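K.L.:
One structure, pasted below without further comment.
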Amino acid sequence: MATSFVVAQEKFAYRSSAIVVSGSQPQALCKTLKSQKCLAEPARSGADALAQLETKRFDFALLDPKLPDLDAEEVRRMMKSQQPDLPVLFLDFTTGKLLALEPVSGPIQEVLQVLQQPTEGASSPPAAIPHPTLEPELELEPQPEARREPAVEPLPGMIGCSPVMTQLYRMSRMVARRDATVLLEGESGTGKELVARAIHELSPRSKLPMVTVNCAAIPEALLESELFGYVRGAFTGAMQSKLGRIHAAHGGTLFLDEIADLPLSMQAKLLRFLQEGEVQRLGSPDVFRVDVRVIAATNTRLLERVRRFEFRQDLYYRLSVFPIGIPTLRDRGDDVVSLATHFLGELCRRNKVPAKTLHASVPPLLLEHSWPGNVRELQHAVERAFILSEEDLMLRPECFLLH
């Protein structure tokens, strides 16, 4: 209780708060901001900043145009989508030039003015960061009322144009061309493997293999040999050497599905691989370097598992460099009808029957259902309705057995 009170007192002492996003010494500028009564938090990458914005709120953001992982303009756009009222200012950490993309006032403006012209006796920014020059007259984008989000093409193999899916497409395409580790979080049946495969197909690694490992489906006793491989005679029954799935994904992508079910004994070994990029087969002293891009997926909130000491915290942060939430079907609005129509068309083509359609009273029925099984449940519901419709060219409400 006393600790909470101290933290509350410390926050109360600051007049504003900021997140400083840069791959080069964000802590130095944070220290300067704190001397001006601005509580500043560093973020060393665009992915780190986006992850912090999921749980924290700031009065403004200072964003380096040259980030180590993602395009700065895309990061700015994503930050604005997470917190629409957050002023995001570009700060060139090389020249110290500060570009005000939107008006700021009050304590924020005072902090920026002090940074621009520090008063005598005030703490100065470190030598590595020149004093920023505020240039509010530069307008790099239209005013909010005129700004329109560019259309985003759906990911390969995916259907839907709802706002939550557009966000998913944008984030996936943004990270696909990078080598950052991705963590996909979403309920069962939301299409996490589809997203993982789309990221792989859109990446520079697309011509090389994507290897999938379901961590929940492989017995713990076999998991290490499956991941890392083994040499002949390493254990009883090892009649010949075998490469592990990590090695098989060399140059491509390793997709670790149901990562939350990875046994604690294997978590330390996976962490070492992620840190060192090396694989050692069971029974062999030889160590091989592998070049693998990792995408992990879970149907649970992995951070909650960390808090319950069921998942290593250091491994969590290694995996969640770029977290992406997969929306549930109930949050996708009219996408439900588009998906149902698509599944119905596929069934007609596969079974070589005349095209069938949905009765006019079916879409409202589909929109009212909560779909706890998500897209997989919808696909099965449409297939049952297709069978029950028999020779009828229209799927009627009585054909849908929704619980």
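No lab work stands behind these numbers, since they all come straight from the coordinates. Keep in mind the model is a prediction, meaning the values are calculated, not measured. All Cβ positions, glycine included, derive from the backbone under ideal geometry; neighbour counts span all protein chains shown.
K.L.:
Give me the distance in nm between label points sitting 7 Å out from Cα along the Cα-to-Cβ direction at residue 265 and residue 369, one decimal.
P.N.:
4.3
K.L.:
Rounded to the nearest 0.05, what FRET efficiency do residue 291 and residue 359 have when you use their Cβ-Cβ distance and R0 = 51 Å?
P.N.:
On the way: r = 53 Å, r/R0 = 1.03.
Result of the calculation: an efficiency of 0.45.
K.L.:
Once you have the Cα-Cα distance between residue 384 and residue 159, take 0.36 nm times their residue separation minus that, and quote the gain in nm to one decimal. Walk me through the numbers on the way to the answer.
P.N.:
On the way: separation 225, 0.36 × 225 = 81.00 nm, distance 2.08 nm.
Full extension from residue 384 to residue 159 adds 78.9 nm.
K.L.:
Taking the Cα centre of segment 309-403 as origin and charging only Cβ (+1 Lys, Arg; -1 Asp, Glu), how large is the dipole, in debye to the nearest 20? Intermediate values should be presented prior to the final figure.
P.N.:
Values: 11 positive and 13 negative charges, 62 e Å.
Using only the charged Cβ atoms, the result is roughly 300 debye.
K.L.:
While we're on this one: Filter the cross-link list 56/80; 66/97; 34/56; 192/352; 80/207 down to pairs whose alpha-carbon distance in this structure exceeds 25 Å.
P.N.:
Details: 56/80 14 Å; 66/97 13 Å; 34/56 17 Å; 192/352 30 Å; 80/207 34 Å.
Correct reply: 192/352; 80/207.
K.L.:
How far, in nm, would the chain grow between residue 272 and residue 188 when pulled straight, counting 0.36 nm per residue and subtracting the alpha carbon separation?
P.N.:
Working: separation 84, 0.36 × 84 = 30.24 nm, distance 2.85 nm.
Between residue 272 and residue 188, full extension yields an extra 27.4 nm.
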